[in-house]
């Protein structure tokens, strides 16, 4: 059986935690931030844990964790 390929975009954007959850950077932080209030910008710093439904799809793109 050949090895499965990892999606290159997924390995750059997501990390799998030790417990198997998927971490990702928060969307909406690149440009046009003047239209967002301070609370939005502050709460979306760093990374977030993806929802279970999204994580299921992402883990299929990264077969070897």
Check: Roughly what would the spin-label model give for residue 35 and residue 60, points 7 Å off Cα along C-beta, in nm?
Finding: 3.3
Item checked: Theoretical ellipticity at 222 nm over the chain - DSSP helices of four or more residues, -39500 (n - 2.57) apiece, nearest 500 -> -8500 deg cm²/dmol
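What number, in nm² with one decimal, is the all-direction average of the projected area of the convex hull of the alpha-carbon atoms of the chain? Display every interim value, and only then the final one.
Working: hull surface 22.5 nm².
With the hull built on Cα positions only, its mean projection is 5.6 nm².
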Notebook entry, point to check: Does anyone have the angle between helix 52-61 and the longest principal axis of the chain? Alpha-carbon axes, 0 to 90°, nearest 10?
Noted result: 50
Next item on the list: Starting from the Cα of residue 44, step 7 Å along the direction of its Cβ; do the same at residue 18; then give the gap between the two resulting points in nm.
Entry: 3.1
Notebook entry, point to check: For a label point 7 angstrom out from the Cα of residue 11 toward its Cβ, which stretches of the stretch 44-65 have the backbone nitrogen within less than 11 Å?
Noted result: 62-65
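All of the numbers you see were taken from the coordinates with simple rules; none came from a lab. These numbers were taken from a predicted model, which means no experiment stands behind them. Note that each Cβ is placed from the backbone with ideal geometry, even for glycine, and that neighbours are counted across all protein chains shown.
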